[in-house]
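Accompanying notes for the structure given below.
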Amino acid sequence: MHRSMPHAPAAGTAIGSLTPALPRRLRRWLQHLTLVMLLVTVCGAGAFADSFFHRLRVDGLMSDGVSLYHSGDYEKSIQKFNDALDLSPNNVEAIFDRGLDEYALGQFQAAADDFQACLRIQADFIPALFNLGVVDISLNRLDDAKRIFQQLIAAHPSSVRAHFDMGLSAYLSGQPSLAAQEFAVAALLHPQYVQAHYDKALAEYRTGNLVAADQEVDAALKLNATFARAYFLRGAIRLRQGKDADARAQFETAMRLSGDPVLKSLCSQIIAQIGA
C-alpha cells in the first residue's frame, strides 16, 4: 500500500508498504517547539500547553503505530491508531494507516471503509483512492477498481502502479486484451518491472497471441533468470505450439527453480503427461 503515487514497485511482492512517518512528525514537533515562545504570550500559557502536548500525544501514538506496522504487529498498530483517533477523530493519517493494517490482516471491507472515510475528509487524498482500488480488487469489486484506476491514470498518466493495477483489474474481469495494453504501458514506463512483463505475457497467452507472450516471457527472464513461473508459462506456450520436447525442458526448469510445492506438483504432472 502507498502514501503517494508509486512508480517502481518490487516485482511479485504484496502491494506496497507504509512509508515511515517519523521524520516528518519529528519535523512537525520541532516546528511546534520553535513557536512556543511566540504563541505562549498570545494564546496564554495554559491553553497553548494543552494544545501543544495534545498534538505531541497524537504524534507519539501515530509514530508508535507506524513502528508496529513495520514490525508486523498489525493488531497492536491498529490500537495505537484507534487511540490517536480517540484524541483526534478526523485525523486522516490515522484512519489511512489503520486501513493499511486492516489490509495486511486480510480485513478488506474494514480497510475499504477506512479509505472511503479518508476520502470523505480529504477528497484529494490520492493514496487513499489508490489503496481503495487495491482493496476493491481483493474484494472482487473489479468494475469499481477499474473506475478508480482509470481516474488515477487520467490524473497521473506516468504512474506505473496505476497502469499495472488497471491491467490486473482488467485481467481478472476477463479482459485480457485491455490487460495486455495496460501491462505494456507499465513495462514501458518501468522497463525493469519483471512482473509487468510476466503479466503481459499471461494476458497475451489468454488472447492467443503466443508470439507476443513468448517475447514478454523472454523479457521477464532477462531480468530474472530464476523466475520459475516464467519458465512454466514458456512451457505452456511451447505445448500450444506443438513443441513437446522444449515444453518438457521448460517445465523441468520451472520445477527445479520453484519453491512452491503446488507449482512443483503441477510441473511434475504435466511432465508425466508429456512423457506418456
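Just so it is clear, none of the values below were taken in a lab; they were calculated from the coordinates. Computed from a prediction, not measured in an experiment: that's the story for all the values here. For neighbour counting, all protein chains shown are included, and Cβ atoms are generated from backbone atoms with ideal geometry for every residue, glycine included.
May I ask which residue of Val194, Gly208, Phe164 lies farthest towards the positive end of the charge dipole of region 140-225, with charges of +1 (Lys, Arg) and -1 (Asp, Glu) on Cβ and the Cα centre as origin?
So the residue we want is Phe164.
Let's test the formula: R0 of 45 Å, r as the Cβ-Cβ distance of Ala123 and Lys243. What FRET efficiency results, to the nearest 0.05?
About 0.25, to the nearest 0.05.
Taking 0.36 nm per residue of sequence separation and subtracting the Cα-Cα distance, how much length would be gained by fully extending the chain between His156 and Leu56, in nm to one decimal?
32.5 nm
So what J values fall out for region 73-88 if you push phi through Karplus, 6.51 cos²θ - 1.76 cosθ + 1.60 with θ = phi - 60°, rounded to Hz, Gly and Pro as x?
With coefficients 6.51, -1.76 and 1.60, one gets 8, 5, 5, 5, 4, 4, 4, 4, 5, 5, 5, 4, 6, 4, 8, 9 Hz.
So how do His163, His70 line up by other beta-carbon neighbours within 10 Å, fewest first?
Numbers: His163 26, His70 12.
If I rank by nearby Cβ atoms, fewest first, I get His70, His163.
In Å, what Rg and Dmax follow from the Cα atoms of region 117-255?
Both quantities, over Cα of region 117-255: 16.8, 60 Å.
How many nm separate the modelled label positions at Asn140 and Gln215, each set 7 Å beyond the Cα in the direction of the Cβ?
3.5 nm
Which links in Lys222/Lys264; Lys76/Lys146; Lys76/Lys264; Lys76/Lys200; Lys146/Lys264; Lys222/Lys243 stretch past 29 Å when you go from one Cα to the other?
Working: Lys222/Lys264 22 Å; Lys76/Lys146 33 Å; Lys76/Lys264 37 Å; Lys76/Lys200 39 Å; Lys146/Lys264 33 Å; Lys222/Lys243 22 Å.
Over 29 Å apart, Cα to Cα: Lys76/Lys146; Lys76/Lys264; Lys76/Lys200; Lys146/Lys264.
Convert each backbone phi in region 195-210 into a coupling constant with the Karplus relation 6.51 cos²θ - 1.76 cosθ + 1.60 (shift: θ = phi - 60°), then list the ³J(HN,Hα) values in order as whole Hz, x for Gly and Pro.
Once θ is set to phi - 60°, the couplings for region 195-210 become 4, 5, 5, 5, 5, 5, 4, 4, 5, 5, 4, 5, 7, x, 8, 5 Hz.
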